[in-house]
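What follows is a set of notes on a single structure, which appears directly below.
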Amino acid sequence: MSRAFLLVMDSVGCGGAPDADQYFNGSYPDSGANTLAHIAQACAGGLADTGRNGRLALPILDGLGLGAAVRLASGEATPGLAAMPSGLWGAATEHSVGKDTPTGHWELAGLRVPWAWHYFPDNTPAFDAGLVAHVCEKAGCAGILGNCHGSGMQMISKHAAAHLCTGWPICYTSADSVFQIAAHEEWFGLARLHALCAALAPRLHQMHVGRVIARPFTGSIETGFQRTGNRRDYAIVPPAPTLMDWVQAAGERVHAIGKIGDIFSMSGIDTLHTGTDQALMQHLFQAVESADDGSLTFANFVEFDSLYGHRRDVAGYARALEWFDTQLGLLLPRLRRDDLLLITADHGNDPTWCGTDHTRERVPVLGVGCPAAAIGLVHFEDVATSIAAHLRVASQGFGKSFL
């Protein structure tokens with residue numbers, strides 16, 4: 001029996017979303033945002049030479065059709081990415097409202113989001129008095145810090161001293177549908193932080209807030225503060241079966257790598273591995289070596305987004321892409337003859353764009369283990385239907401197979 005591997009390069013968009021003008025970073029629309037094209041152009045212009053040099057070098061991804069997918073999606077120039085495609089290649093358009101991680105992943109897994117997510121206003125305070133009182137009740141404290149839009153380390157740097165003094169949690173949000181809580185692992189307590197987020201999740205999910213996120217940190221005023229790897233996301237359970245449930249219903253196993261467990265609240269997942277992207281890549285190599293016949297391995301590599309996209313670090317993003325390409329070159333020869341491997345993304349996060357939030361973009365779709373073909377412009381949900389067709393399991397979504 002064959003196996004399937006779905007790799008999501010978190011935020012590696014390729015521009016061209018037809019509704020990008022309806023999405024914003026602050027007051028600036030996402031029209032023209034293009035994560036891959038703008039990184040390639042910056043590299044070619046000598047603007048991304050920190051820790052690397054020259055044009056963006058992605059011989060494996062570009063050989064499969066990455067540059068061609070960017071040009072198809074947006075028409076933008078891709079200096080350094082000009083190979084003749086040798087794999088299955090195209091670009092996918094998202095239909096659900098949103099440009100966040102759950103929205104993109106759910107649709108890639110065959111489920112369009114059936115509601116409008118709740119987004120907190122970009123005001124101070126961002127949260128109403130009733131929600132703040134609920135947080136205080138669950139946390140056992142007299143108040144909260146933050147109560148606004150902000151990035152994680154910015155919020156920690158600004159409020160950590162007051163947090164250590166008062167014991168109040170640091171609560172903030174972003175352009176995504178999220179409620180985030182930062183707290184010191186020792187002073188506040190990691191178990192207490194996780195329990196607080198779990199206790200708040202039902203109310204926030206009823207509001208259609210997509211995720212409650214625990215953001216623990218350590219350190220001191222004297223030495224500085226650092227986030228730890230003990231983040232935990234409490235996401236809404238998908239309201240209908242997804243690709244993973246389809247595979248399980250057929251009696252096969254689903255292996256998750258990275259954020260997949262959080263994004264889908266472990267629905268339809270048999271095993272889960274987490275860690276840094278380097279650790280996740282090693283788990284992916286192990287899955288290629290030993291995953292069961294008929295299984296699906298679904299992996300998310302988040303650091304393109306979390307470390308470089310949001311921080312608008314073009315050189316760092318380019319380095320991460322080149323590292324991933326090198327690893328992919330080592331991985332592909334290990335696939336079995338009947339395996340299918342698809343590579344895509346969930347949204348954009350153009351590091352050359354204004355603001356710090358995701359950008360609404362199409363995403364590349366690249367395939368190995370199937371006949372080389374230009375599949376054109378497809379839909380996010382077609383990815384799920386195509387994998388189901390490859391594994392010969394019944395699909396329940398509205399997508400069409402491009403295999």
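Throughout, read-outs are computed from the coordinates displayed, never taken from laboratory work. Everything numeric here is computed off the predicted structure, so don't read it as measured data. Because the Cβ atoms are built from the backbone with ideal geometry, glycine has one as well, and the counts that use them run over all protein chains shown.
Summary of computed values
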| item | result |
| --- | --- |
| In segment 296-337, the residues that are touching a Gly at 6+ places or on another chain (Cβ under 7 Å), in contact (Cβ under 8 Å) with a residue 24 or more places away in the chain and not small (Gly, Ala, Ser) | Asn300, Phe301, Val302, Tyr308, Tyr317, Arg319, Leu335 |
| Every residue from segment 112-156 that is part of a helix (DSSP H, G or I) and either surrounded by fewer than 14 Cβ atoms within 10 Å (Cβ to Cβ) or in contact with a Pro (Cβ under 8 Å, 6 or more places away or on another chain) (or both) | Ala129, Gly130, Val132, Ala133, Val135, Glu137, Ala139, Gln154 |
| Options Ala48, Ala69: the member that is outside any loop (DSSP other than H, G, I, E, B), among the hydrophobic types (A, V, I, L, M, F, W, C) and in contact (Cβ under 8 Å) with a residue 40 or more places away in the chain | Ala69 |
| Residue in segment 249-267 that is surrounded by the most Cβ atoms within 10 Å (Cβ to Cβ), counting only those that are without any contact (Cβ under 8 Å) to a residue 40 or more places away in the chain and touching a strand residue (DSSP E or B) at 6+ places or on another chain (Cβ under 6 Å) | Gly261 |
| Residues located in segment 169-197, provided they are of a type outside the set (D, E, K, R), more than 20 Å from Asn123 (Cβ to Cβ) and in contact (Cβ under 8 Å) with a residue 12 or more places away in the chain | Ala183, His184, Trp187, Phe188, Leu190, Leu193, His194, Leu196, Cys197 |
| Identity of the residue in segment 20-33, surrounded by fewer than 24 Cβ atoms within 10 Å (Cβ to Cβ) and within 20 Å of the chain's Cα centre (by Cα), that ends up nearest to Arg362 (Cα to Cα) | Ala20 |
| Residue among Gly80, Gly90 that alone is in contact with a Leu (Cβ under 9 Å, 6 or more places away or on another chain), buried (at least 24 other Cβ atoms within 10 Å of the Cβ) and among the small types (Gly, Ala, Ser) | Gly90 |
| Members of segment 1-42 found to be over 17 Å from Gly65 (Cβ atoms), in contact with a helix residue (DSSP H, G or I) (Cβ under 7 Å, 6 or more places away or on another chain) and polar (S, T, N, Q), listed by number | Ser2, Ser11, Ser31 |
| Filter result (among the hydrophobic types (A, V, I, L, M, F, W, C), touching a His at 6+ places or on another chain (Cβ under 9 Å) and either at positive phi or not in a loop (DSSP other than H, G, I, E, B) (or both)) within segment 344-403 | Val363, Phe380 |
| Filter pass, Thr326 being of a type in the set (Ser, Thr, Tyr) and either surrounded by fewer than 18 Cβ atoms within 10 Å (Cβ to Cβ) or in contact with a His (Cβ under 8 Å, 6 or more places away or on another chain) (or both) | yes |
| Matching option when the condition is within 20 Å of Pro114 (Cα to Cα) and assigned to a helix (DSSP H, G or I), among Met244, Met266 | Met244 |
| Residue check, Ser177 out of contact with any strand residue (DSSP E or B) (no Cβ under 6 Å at 6 or more places or on another chain), within 20 Å of Ala235 (Cβ to Cβ) and of a type in the set (Ser, Thr, Tyr) | yes |
| Count of segment 34-63 residues which are of a type in the set (Ser, Thr, Tyr) and crowded, with 17+ Cβ neighbours inside 10 Å | 1 |
| Residue satisfying all of: in segment 205-229; touching an Asp or Glu at 6+ places or on another chain (Cβ under 7 Å) and part of a loop (DSSP other than H, G, I, E, B); surrounded by the fewest Cβ atoms within 10 Å (Cβ to Cβ) among these | Thr228 |
